[in-house]
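Asks: Below you'll find the structure I mean.
Read-outs: derived from the displayed coordinates by stated rules, not from any lab. Since this is a predicted model, take the numbers as computed values, not measurements. Note that we place each Cβ from the backbone using ideal geometry, even for glycine, and neighbour counts take in every protein chain shown.
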Amino acid sequence: MKPLRRLLTLGLLASLTLLPAAVHADDNCLDAACEDSSHGIADELINAYPSPAVTQMLPNEQLLYDRVYRRVNGTTAILDAPGGQPVGTLDAGFNFVTVHAVEGDWTMINDSQWVPNAVLQDAAVSRFAGVRLPENPEESLQYPFAWVLVHTRASQTPGAEPLTTDPLYLRYQVVNIYDSVEVDGWRWYQVGIDQWIIQTQIAKFLPVERPAEIDTERWVSVDLYEQVMIAYEGNTPVYTSLVSSGMSDWPTNEGFFHVYVRYPRTLMSGAEGKPDFYFLEEVPWTMYFDGDIALHGAYWHDGFGYRRSHGCVNLSITDAAWLYSWASDEFDFSVDNDLGPAVYVYSSGDYR
């Protein structure tokens, strides 16, 4: 489950206009817009805006499957040919390789490097992708929106147990947040008519005002609390998606940074000799911004919206490729010392 979190203020930037009826249930309803102050906004308002005015990105099929990835299980000897002589060893850990060729019971993972098929396990590449935002979000986004983080049934009232007949929301589904009610210290969000989901199962899109420290036209924010990335052009958010940042033992640092180097594919490894050793070949669409911490695609998990990395900001392959290309339109990374887009890492709330 997502770590439990404190109450956040619901809403977009001050410049994003919400309909007058999109108030908290514990506020006074305006113009009798609410049917019941404890049960959200009027049905007709939800029917008028049944879904967020965003464009769902489709998975980039070509990029998802242009490599064959495999996880390596256990300590593995690397041979120079099928059944040949040892040339190295890959220690046990969180290890992934790419397949170059297969001959019988053997797989080539690099030139003159072979491992037995028996130690390899398929990698389930995520098909998740973020959303493009409308050109004028302050006019088009009538309500805040969010992703549902787990398959869940919505409750008919805030705090109630869902019934088996209640509507089912799927993981990664994008929903409007029409209202917010606190029950026993937890926020419940109205996502439809008589449909409420607790805050621990929701990740919200919460754009921020452009900080004074941002010195590039194109920049990226990473909200560690919501696990949401937003790409901006000037003051306008243009793209957003879920991410997976560093876990508590390997946190993603907060602060202001710049992308300083990038690679379409790169090797990542760390914690050699330790239980959390990892070795990841051909990590796609990598943009380093804080030492060895990067924004990059992750082909080894589908856990976006939850913290699970060694400090980097994991994105789906589709999202990472989009961000990489978007940054390329403005910045010339072939020029020495030419800084890339600014990156603002922060937390909009506190875990508890």
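Asks: Relative contact order for the stretch 186-264: what is it in percent, counting Cα pairs under 8 Å that are at least 6 residues apart? Don't jump to the answer; show the numbers that get you there.
Replies: Values: 82 pairs, mean separation 14.3, N = 79.
With pairs under 8 Å counted, the relative contact order is 18 percent.
Asks: Find out how many positive minus negative residues lie around residue 141, taking Lys and Arg as positive, Asp and Glu as negative, among other residues whose Cβ is under 14 Å from that of residue 141.
Replies: Details: positive: 132, 204; negative: 135, 138, 139.
Charge balance near residue 141 sits at -1.
Asks: DSSP loop GluC sites (Glu not before Pro) in the stretch 193-287 with at most 16 other Cβ atoms within 10 Å of their Cβ, which ones? Mind showing how you got there, number by number?
Replies: On the way: sites: 209, 213, 217, 226, 233, 254, 272, 281, 282; in loops: 209, 213, 217, 226, 254, 272.
Qualifying residues, ordered by number: 209, 213, 217, 254, 272.
Asks: Any idea what angle helix 317-328 forms with the longest principal axis of the chain, computed on alpha-carbon atoms, 0 to 90 degrees, nearest 10?
Replies: It is inclined by approximately 90 degrees.
Asks: What percent does the relative contact order of the stretch 236-352 come to when contacts are Cα pairs within less than 8 Å and at least six residues apart? Don't skip to the end; give the middle numbers.
Replies: Working: 221 pairs, mean separation 38.6, N = 117.
Relative CO of the stretch 236-352 lands at 33 percent.
Asks: Ranked from highest to lowest mean number of other Cβ atoms within 10 Å per residue, what is the order of the peptides 197-208, 83-94? Intermediate results must be reported in sequence, preceding the final value.
Replies: Numbers: 197-208: 21.2, 83-94: 13.0.
Output ranking for 197-208, 83-94: 197-208, 83-94.
Asks: Here's something else I'd like to know. Any chance you could run the full-extension gain for residue 94 through residue 117? It's 0.36 nm times the residue separation minus the Cα-Cα distance, nm to one decimal. Could you put the intermediate results ahead of the total?
Replies: Numbers: separation 23, 0.36 × 23 = 8.28 nm, distance 1.71 nm.
Full-extension gain reported as 6.6 nm.
Asks: Additional query: From the C-alpha gyration tensor of the chain, pull out the three semi-axes of the equivalent ellipsoid (sqrt of 5λ each), sorted largest to smallest, in whole Å. Could you put the intermediate results ahead of the total?
Replies: Values: eigenvalues 341, 111, 57 Å².
Working through the eigenvalues yields semi-axes of 41, 24, 17 Å.
Asks: Give me the mean projected area, in nm² to one decimal, of the convex hull enclosing the Cα positions of the stretch 224-352. Working shown, then result.
Replies: Numbers: hull surface 33.5 nm².
For the stretch 224-352, averaging the hull's shadow over all directions gives 8.4 nm².
Asks: So how much slack lies between residue 215 and residue 61, counting 0.36 nm per residue of separation and subtracting their Cα-Cα distance, in nm?
Replies: Numbers: separation 154, 0.36 × 154 = 55.44 nm, distance 3.45 nm.
Contour length minus Cα-Cα distance gives 52.0 nm.
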